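Since the structure comes first, as structure tokens, the remarks are kept for the end.
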Amino acid sequence: MVPRVRSFPRAVLWVVFLVGLPGAGWPSQLEVAPRRVEIGAFFGGKEVVVSAEIPPLADAVVELVGEDVAEALVRKGRIGPLWMNVGEIVAQGFPTLYMVASTSSFLLAGGDGSGSWGYGKLREQARLGESGGMEESDSMLQEFIKLKETQGLYKLLPAGVELVSGDETAQSIRARFPLPRCIRPGTYTVSVSAIRGGEVLQRQQTWIEVEMTGFPRFLRSLAEDYPMVYGIMAVVAAMLAGYGLGWLFGGGRGSH
Amino acid sequence: MLEIYLPIAGTSADAGLLMGMGALVGLLSGLFGVGGGFLMTPLLIMIGIPPTVAAASDSNQIVAASTSGTYAHYRMGNVDFKMGVLLLIGGLIGGTAGVQVIRWLRGMGNADFVIKITYVAMLGWIGSYMFIESLQSMRGHRARAEEGSQAKRPSFYSRMVRALPWQMAFEKSGVKASPFLPLGLGCIVGLLAAIMGVGGGFIMVPIMVYLLRMPMHVVVGTSLFQILFTCINVTIMQAISNKTVDVVLALILLLGSSIGAQVGARLSRRIKADQLKIMLASIVLLVMIQMLLSLVLPPKVLLGYKGGH
């Protein structure tokens, strides 16, 4: 199994390492568009297209993965007839975004038994909570994935890799990932793995940057660095808008 | 469809949808004198805004809606400033105490339960009372009931209110009461509002109508005046303490809500007081039922982000 790359320096080491792997002589080409995603005032999500060349007769798994973070969550449970928050758990080692597409739904479903792809991979690398039996952890993992899926942050695309062209030396593939509107700024790893007979023949990797720009960036900085100024500004803006609209509506009548 | 990015919420939303939601809540604000926090916050959460950002940004948009609404009612002579200031002072005292209660409950791990149960109990009680009373009044039972009650001895509440010191006249409302009464009632509303995380308009309005015996149209304007200052305080405190006020979200909502509040204020002059009360009671009861169902029915996902409701 090839470990997942989580940071830039480690990624550089991986590229050096992969060049030395057997099979590094396979056709290699990986392109991502766009490479830089800007979160501006009218950002509503963005489609990222990954194009690559892989060895012939190989299956492809294309992943788009965010940085790992620790998140505090609340667990809901039933007390008497009422559902409420009954405890806190910590999710560790889960990426902020996990999208994976493949030519084979079999691979993403863990059919090869390796657990290297899809949500099986998360089960291997991440942990939920501090203790508890495996059964409970499994159900919590499913709930965690469901929570992320509802936000569009986790997605399995079993038939999401399109074969564009192919011959006896190489095949060109393409995958499309819909970045959700709630994506966080940061570095996201794009990797393409070519698999044949359960063996990883080739793994290519690159990165995309997601950045907040323009007015949203200005407001975010103001709210974080000068919260009192931001709060007063928010109140003044609201009062002016409310008064202005009130004046606009009733100004001409002079009613009392 | 115009997607607008909300930098503090960390997500985007359709500007038309947000304006529509703002207009709906602003209409209620202008009609009934409630801030609409009890309705807007759940609506925002439903479209994917994080709960803490939804609650804080809603306070900011209520500042605009209540500025607009207070101004409209002031022009129509519907704001009792003397009563409003006393209720506000009481509200601030109660709100400060409520924040301490919430801190204590969070320490015990029971805050969510208490918040939701308080919501259901308050909404259920106020909604049912207003609904039944307004229905009886509309059917003409009020006159008979009042005749009957006049023949009897004054109630314990009436005697207690009259026994309070420093009785003073509130000309705009046409009532005479001790300043301790609005101060004390404001304090109770502030306490409940802090626990429930809302402006408290939907509790304040029935209290003004039934306990302070103020006329409905003055109630609406005075309630908006009090809510305006409560929400200014909450917005600034949330921006400083939690950094959860999304001004872009608030500005879009307030565009809709300011227009809605104006329409509501005009409509309120054309609708009879009993009709206004029964409409508000119906909305309060609907929100209560929705909240009760959310407590009783299994949630779709058994995990949530910490900091949400």
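The values are calculated or read from the model by the stated rules, or taken from the named source; none is laboratory data. In this text, all values refer to a predicted model and were calculated from it rather than measured experimentally. Backbone-built Cβ (ideal geometry, glycine too); neighbour counts: all protein chains shown. Ligands, DNA and RNA are excluded from the accessible area calculation, which covers all protein heavy atoms including side chains. Shrake-Rupley method; radii C 1.70, N 1.55, O 1.52, S 1.80 Å.
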Requested in this report: May I ask which of A:Lys148/B:Lys116; B:Lys116/B:Lys172; B:Lys82/B:Lys277; A:Lys46/A:Lys121; A:Lys76/B:Lys277; A:Lys121/B:Lys116 have a Cα-Cα span longer than 27 Å here?
Outcome: B:Lys116/B:Lys172; A:Lys76/B:Lys277; A:Lys121/B:Lys116
Report task. Rounded, prolate or oblate: pick one for segment B:1-133, where a ≥ b ≥ c are the square roots of the eigenvalues of its C-alpha gyration tensor, a/c under 1.5 means rounded, and failing that, prolate if a/b is larger than b/c, else oblate. Result -> oblate
Query - C-alpha center-to-center spacing [segment B:25-91, segment B:241-260] in angstrom - result: 11
Report summary line: Interface buried area B-A, accessible surface with 1.4 Å probe, both sides summed, nearest 100 Å², comes to 5100
Query raised in the report: In segment B:205-270, which trypsin sites (Lys or Arg not before Pro) fall in coil by DSSP and have 16 or fewer other Cβ atoms within 10 Å?
Result: B:Arg213
**Report entry** Helix B:247-270 vs. chain B, principal-axis angle (Cα, 0 to 90°, nearest 10)
**Finding:** 30
Requested in this report: Please express the Cα-Cα pair-distance distribution P(r) of chain B as a list of whole percents, one per 20 Å bin, running from 0 to the bin with the greatest distance.
Outcome: 33, 58, 9, 0
Query raised in the report: Let a ≥ b ≥ c be the square roots of the eigenvalues of the Cα gyration tensor of the protein assembly as shown; is it rounded (a/c under 1.5), or, if not, prolate (a/b larger than b/c) or oblate?
Result: prolate
Query raised in the report: Taking the Cα centre of segment A:140-206 as the origin, how large is its charge dipole in debye, to the nearest 20, when only Lys and Arg (+1) and Asp and Glu (-1) carry charge on their Cβ atoms?
Result: 400
